Amino acid sequence: MKPTLSKIWSYLNEDIREDLLLECQLLLLSFATGIQDAAAWPDYACFASNQTGNTLFLAIGVAGLANNAYSFSNIGMSLGMFVLGGLVMGQLGNWFGVRRRLWLLLSSIIQTVLVFVGMIVQYTLPIKPEGPAALGVIACLAFSSGGQVAMSRSLKITEITTAMATAAYVDVVVDPGLLKVHNRLRDRRVMFLVMLTAGCFAGAFAQRAVNSSFALLWCAVGKTVVTVSLLGNRRIERRQSNK
């Protein structure tokens with residue numbers, strides 16, 4: 001039993017390598033992010049992940065130009081919990097080791113559970129644009145998103161942020177090797193934009209066809225797939241020096 005536990009512990013403490021599987025996992029998280037924001041905006045008039053938009057809405061509101069089009073409390077909750085999620089999960093990642101399998105599993109589990117909690121609250125309680133239930137759902141989704149972005153950025157695959165599209169659009173069009181047949185960085189950026197956009201459309205149509213809880217369910221399923229698949233990432237091979 002002890003040797004088995006030792007092998008499991010050793011396996012969980014491996015640093016995972018950067019490869020196609022890790023890219024696919026980040027792309028699936030990008031798809032889930034699109035679903036999540038498409039589900040959050042119609043109900044709460046704020047984004048769970050796109051904090052550029054929330055920051056802009058906050059400034060417009062403070063300037064008195066919002067005409068009560070959205071809720072300051074919702075936007076403040078989303079922005080605050082996103083930053084808190086990034087802070088807490090990012091610093092914990094620094095402590096555990098940002099590529100350590102154990103940490104990536106824990107981080108992904110926390111993110112996924114929070115999305116499931118938000119979905120359950122939406123499903124069981126009447127959806128209202130403001131109030132305690134709305135703030136609770138936004139808090140869960142935004143903290144999860146902050147943790148997700150912190151995790152993805154710490155992995156240093158900067159072309160797949162899982163959330164922010166603006167820089168990716170620009171990086172694609174200014175790439176000196178834009179028209180090259182083989183350009184992995186361009187391909188990563190393009191696939192990120194494709195998956196994020198596809199997620200937005202999937203979330204919007206899922207919301208229109210059923211409701212936002214159904215959309216969030218698919219977001220949670222995507223994050224669950226990523227969590228389970230982290231067990232299959234290959235480790236970084238450490239070269240031993242000859243003495």
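Among 144-152, 95-103, 219-227, the peptide with the highest mean count of other Cβ atoms within 10 Å heads the list, and the full ranking is 144-152, 219-227, 95-103. From the alpha carbon centroid of the stretch 130-185 to that of the stretch 7-70 is 7 Å. Extending 7 Å from the Cα toward the beta-carbon at both Phe96 and Thr4 defines two label points whose distance is 2.4 nm.
With a Förster radius of 35 Å applied to the beta-carbon distance between Ala59 and Ile109, the computed FRET efficiency rounds to 0.50. Each pair of Cα atoms in the stretch 165-243 enters the Kirkwood radius, and Stokes-Einstein at 4 °C and 1.567 mPa s then converts it into a translational diffusion coefficient of 81 µm²/s.
Per the Debye calculation on the stretch 1-97 with a single equal scatterer at every Cα and no solvent contribution, log₁₀ I(q)/I(0) for q = 0.15, 0.20, 0.21 Å⁻¹ amounts to -0.78, -1.05, -1.09. When Rg and the Kirkwood radius Rh are both evaluated on Cα atoms of the stretch 171-213, their ratio Rg/Rh stands at 1.25. If the viscosity is 0.890 mPa s and the temperature 25 °C, what translational diffusion coefficient in µm²/s does Stokes-Einstein give for the stretch 106-177 when Rh comes from Kirkwood over Cα pairs? Estimated via Stokes-Einstein, D reaches 174 µm²/s.
Shown in residue order for the stretch 38-44 are the 3J(HN,Hα) couplings computed by the Karplus curve 6.51 cos²θ - 1.76 cosθ + 1.60 at θ = phi - 60°: 5, 7, 7, 4, x, 7, 10 Hz (x for Gly and Pro).
A 1.4 Å probe run over the chain, with the rest of the protein chains in place, finds 53 Å² accessible per residue. Computed on the Cα atoms alone, the convex hull of the stretch 131-212 gives a volume of 110 cubic angstrom per residue. Ranking Thr166, Thr161 by solvent-accessible area of protein heavy atoms (1.4 Å probe, all protein chains present), from largest to smallest, gives Thr166, Thr161.
For the chain, the number of Lys pairs separated by eight or more positions or lying on different chains, with C-alpha atoms closer than 29 Å, is 6. For the chain, relative contact order (Cα pairs under 8 Å, six or more residues apart, normalised by length) works out to 35 percent. With the simple model of a label 7 Å out from the Cα in the direction of the Cβ, His182 to Val228 spans 3.5 nm.
Were the residues from Asp15 through Ser73 laid out at 0.36 nm apart, the gain over their Cα-Cα distance would be 16.9 nm. Which percent of the accessible heavy-atom area of the stretch 170-243 goes to carbon and sulfur, probe 1.4 angstrom? The C+S portion of the solvent-accessible surface of the stretch 170-243 is 64 percent. Across the chain the C-alpha pair distances fall into 5 Å bins from zero in the proportions 1, 7, 13, 17, 18, 15, 12, 8, 5, 3, 1, 1, 0, 0, 0 percent.
The values are calculated or read from the model by the stated rules, or taken from the named source; none is laboratory data. These numbers were taken from a predicted model, which means no experiment stands behind them. Positions of Cβ are generated from backbone atoms using ideal geometry, with glycine treated the same way; all protein chains shown enter the neighbour counts. These accessible areas exclude ligands, DNA and RNA; they are computed on the full protein's heavy atoms, side chains included. Shrake-Rupley method; radii C 1.70, N 1.55, O 1.52, S 1.80 Å.
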